[in-house]
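Asker: Take a look at this one; I'll ask things after.
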Amino acid sequence: MIKDAIIITGTSSGIGLGLTKYYLEKRYKVIGLARRNPKELSSYNNYSHISMDITDPIAISKAFDKLLKEIISIKLMVLNAGVLGGIDRLENISIEDSKNVLETNLWANKSIIDKLILSKTNLKQVIAISSGASKNGSAGWGPYSISKAALNILINTYSKENPEIHFSSIAPGLVDTAMQEHITSLDNNDNFESINRIQAAKGTSDMPLPSAIAKDLAIMFEKIYTNEISGEFFDIRNY
């Protein structure tokens, strides 16, 4: 049986992979949920992977039914998996495409949290990876910004209904991930300020690699759990 497990979604790359490596090096038992099992983690005996589509609530339910039989307590659940969606003026993005972004960035996270709560799991902390775009409504990022703003409220609501669990949503700042790689490759014909800013930050200290930011995020998670009110939004750039 596993005590104080750490579960992270989106462990195949980016922030999820960086956090997973950090916690594995600290000898925590980490369970990753992602479509792909990264080869970089194959050498860690304390890592377990569940390959799945997190937007499938039935797959989530089945995976956690099996997983929770082996777990005494969960120290931390990191809801990291997310998609950017299209970059365009909002009127040019279809409702269907917008719904697809919310399926991953919002409703998949609800499915996971619901399963953990309904299973009466000994869960200590939930961190949802949000974005500064959830607060500033960045032009060109309509569905993404909306999904992350809704995620903040989702987390806040759970915190009020489940005071025994510490919830928070976190903006990790600019991190050099595949998402940012895609953004920096865009032509930006609409001259979106947010894209100009990201393109300027690429390759500088303003956009660190996931491996460089993982420790700072992990320390931040612990400080929030110890010192902050549950349900709040925090930006690492202001913390």
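Asker: How many times 2.2 N^0.38 Å is the alpha carbon radius of gyration of the range 89-198?
Answerer: Dividing the Cα Rg of the range 89-198 by 2.2 N^0.38 Å gives 1.20.
Asker: Let me spell out the model: positive unit charges on the Cβ of Lys and Arg, negative unit charges on the Cβ of Asp and Glu, origin at the Cα centre of the chain. What dipole size does that give, in debye rounded to 20?
Answerer: Its charge dipole is roughly 960 debye.
Asker: Next question. Trypsin sites (Lys or Arg not before Pro) within the range 70-120: which are DSSP loop residues with at most 13 other Cβ atoms inside 10 Å?
Answerer: Sites meeting the loop and neighbour criteria: 89, 120.
Asker: Using the Karplus equation 6.51 cos²θ - 1.76 cosθ + 1.60 (θ = phi - 60°), what ³J(HN,Hα) coupling, rounded to whole Hz, does each residue of the range 39-45 give in order, writing x for Gly and Pro?
Answerer: So the Karplus estimates, Gly and Pro as x, are 5, 4, 9, 5, 7, 8, 6 Hz.
Asker: Post the alpha-carbon centroid distance, the range 140-200 to the range 26-89, in whole angstrom.
Answerer: Comparing the Cα centres of the range 140-200 and the range 26-89, I get a distance of 20 Å.
Asker: Moving to a separate point now. Average projected area of the Cα convex hull of the range 108-156, in nm²?
Answerer: Computing the convex hull of the Cα atoms and averaging its projections yields 3.6 nm².
Asker: Relative contact order of the chain, please, whole-number percent, based on alpha carbon pairs below 8 angstrom and at least 6 residues apart.
Answerer: Relative contact order here is 20 percent.
Asker: In Å and on Cα atoms, what radius of gyration and Dmax does the range 1-98 show?
Answerer: Both quantities, over Cα of the range 1-98: 15.5, 51 Å.
Asker: Near the amide H of residue 128, under 5 Å away, which other amide H atoms are found, from residues 5 or more places off or on another chain, if H is placed in the peptide plane?
Answerer: Answer set, sorted by chain and number: 79, 168, 169, 170.
Asker: With the calculation restricted to Cα positions, what are the radius of gyration and Dmax of the range 2-233 in angstrom?
Answerer: Every Cα atom of the range 2-233 included, Rg and Dmax give 17.2, 52 Å.
Asker: If you rank 119, 169 by fewest surrounding Cβ atoms within 10 Å, what's the result?
Answerer: Fewest to most other Cβ atoms nearby, the residues stand as 119, 169.
Every number in this text was worked out from the coordinates using simple rules, so none of it is lab data. Note that the structure is predicted; figures quoted are calculated from it, not measured. All Cβ positions, glycine included, derive from the backbone under ideal geometry; neighbour counts span all protein chains shown.
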